[in-house]
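The values are calculated or read from the model by the stated rules, or taken from the named source; none is laboratory data. The structure presented is a predicted model; accordingly, all values stated were derived computationally and were not measured. Counting neighbours? That spans all protein chains shown, and the Cβs are built from the backbone with ideal geometry, glycine included. All accessible areas refer to the heavy atoms of the entire protein, side chains included, with ligands and DNA or RNA removed. Shrake-Rupley method; radii C 1.70, N 1.55, O 1.52, S 1.80 Å.
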Amino acid sequence: MILVTGGAGYIGSHAVKELVKSGHRVVVLDNLSTGHRAAVDKKAIFCPGDLHDLKFIHDIFGEYPIELVMHFAAHSIVPQSMQEPLLSYRNLNCTINLLEAMLKAGVRKLVFSSTAAVYGEPLETPIPENHPLKPTNPYGQSKAWIEAILEQLHRANGLDYISLRYFNAAGADPEGELGEEHHPETHLIPIILKAALQGEEVSVFGSDYPTKDGTPVRDYIHVSDLISAHLLAMEALLQGRKQREIYNLGHQRGYSVLEVIDAARQVTGLDIPYRMADRRPGDPSTLVASSAKIKAELGWEPRYSDLQTIIATAWEWVRQHPRGYA
Ligand code: UDP
């Protein structure tokens, strides 16, 4: 059985769907602070509760024969983390509770959701996994510290883990059942699509970065491709082929904010107005992944991560679900 923390969230819910589809029994732990009950696949066992509650987590491991954990649950919004750093640092408390319960129950396999934000401002692009870690925001710092903890537990307690450093997850389930819904929404692609739908203006945060057009450059990866990497990582751990690895997950192509707006105009056929605004604190100028390592070692191949497909699937979700999961 696989335990998925944060399985009602944007990325976690896509993982649960794929796990169920591939025949796994899945337990979902989520406090629904940002997730949606309706996003959880009906074939999964849903345990509403909080990772701050150590007894609750121990009880889950006592009740279900968990073999491996996928740990998505986290406070992951960069602007929030700049305003309220302790929100991000609570990711540490929650993860430590989870790890404590795992080790006590003898569960020693983990797929961990990390982030490109661990790198900070890159010294080279595309960024390889051995690039120094110098996060520019508390969110990235919290994930970098957790990665350090995982490494120590690997050595001291035999915890096997794969840490996946996501670049910019975007897009929606190609079957149209799941999508991205955050309150408030801070991510670029859903903001652009909402603006397209409602005739609003997009604020472009920063036009004086050292990039091709002055706006920040990101590497957008389709959520379904992220999830296929999780399944490969899971198999590698369960079969004992891997004990400890860190992989970037990106598409190795960078798009500026203006290029994303342009692509969204093409996909939607709508004029999407924008205005230049100040930089958003904590944002690096460019984050583009080298994904060579996971391709070579786990045979991962992104299928949906060209920008048009990412935006088209997200657009389909927004149009079909203008009120989200409500
Ligand atoms: N961004 C923007 N306007 C918005 C939201 C985001 O210009 O309304 C920019 C943001 O500054 C960043 C990029 O879009 O450079 C991607 O932001 P997002 O929040 O989607 O992901 P992040 O890279 O922060 O994880």
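Placing +1 on the Cβ of each Lys and Arg and -1 on the Cβ of each Asp and Glu in the chain, which of 243, 111, 299 has its Cα farthest towards the positive end of the resulting dipole?
243
Report, ordered by chain and residue number, the lysines lying within cross-link reach of residue 109, taken as a straight Cα distance under 17 Å and ignoring same-chain residues fewer than 8 apart.
242
Write down the radius of gyration of segment 61-209 and its Dmax, each obtained from C-alpha positions, in Å.
Cα radius of gyration and Dmax of segment 61-209 are 17.7, 55 Å respectively.
Based solely on its DSSP helices, what 222 nm [θ] is calculated for the chain when runs of n ≥ 4 H residues each add -39,500 (n - 2.57) and the sum is averaged over all residues, nearest 500 deg cm²/dmol?
-12500 deg cm²/dmol
How would the chain be classified by its alpha-carbon gyration tensor: rounded, prolate or oblate, with rounded meaning a/c under 1.5 and the a/b versus b/c comparison settling the rest?
Since a/c reaches 1.5 and a/b is larger than b/c, the shape of the chain is classed as prolate.
When every alpha-carbon pair in segment 249-326 is counted, what percent end up more than 18 Å apart?
For segment 249-326, the share of Cα pairs beyond 18 Å comes to 59 percent.
Over segment 14-101, consider all pairs of different Cα atoms and compute the Kirkwood hydrodynamic radius from their mean reciprocal separation; express it in Å, one decimal.
About 14.1 Å for segment 14-101.
Given points 7 Å out from each Cα along the Cα-Cβ axis, report the residue 239 to residue 151 separation in nanometres with one decimal.
My value for the distance between the label points is 2.8 nm.
Taking the alpha-carbon set of segment 190-306, what are its Rg and Dmax in Å?
Rg and Dmax of segment 190-306, Cα atoms, are 17.3, 52 Å.
Only Lys, Arg, Asp and Glu count, each charged at its Cβ (+1, +1, -1, -1), so figure out the dipole size of segment 199-326 about its Cα centre, rounded to 20 debye.
Charge dipole of segment 199-326: 380 debye, to the nearest 20.
Evaluate the charge dipole of segment 123-228 about its Cα centre and quote only its size in Debye, nearest 20, assuming +1 on the Cβ of each Lys and Arg and -1 on the Cβ of each Asp and Glu.
For this selection, approximately 480 debye.
Which whole-number value in Å² is the accessible area per residue of the chain, probe 1.4 Å?
Per-residue value: 42 Å².
Rg (Å, one decimal) plus Dmax (Å, integer) for the alpha carbons of segment 125-241?
In Å, with Rg to one decimal and Dmax whole: 17.9, 55.
Where the centre of each part is set by its Cα atoms, how far does segment 139-163 sit from segment 194-237, in angstrom?
A separation of 25 Å, based on Cα centres.
How much length is gained if the chain between residue 55 and residue 194 is pulled fully straight, taking 0.36 nm per residue apart and subtracting their Cα-Cα distance, in nm to one decimal?
46.0 nm
Quantify how much of the Cα-Cα distance distribution of segment 120-190 extends past 20 Å, in percent.
51 percent
With charges only on Cβ, +1 for K and R and -1 for D and E, what is the dipole size of segment 1-72 about its Cα centre, in debye, rounded to 20?
300 debye
Nearest 0.05, what FRET efficiency do residue 271 and residue 103 give at R0 = 35 Å with Cβ-Cβ as r?
Computed FRET efficiency for residue 271 and residue 103 comes out at 0.05.
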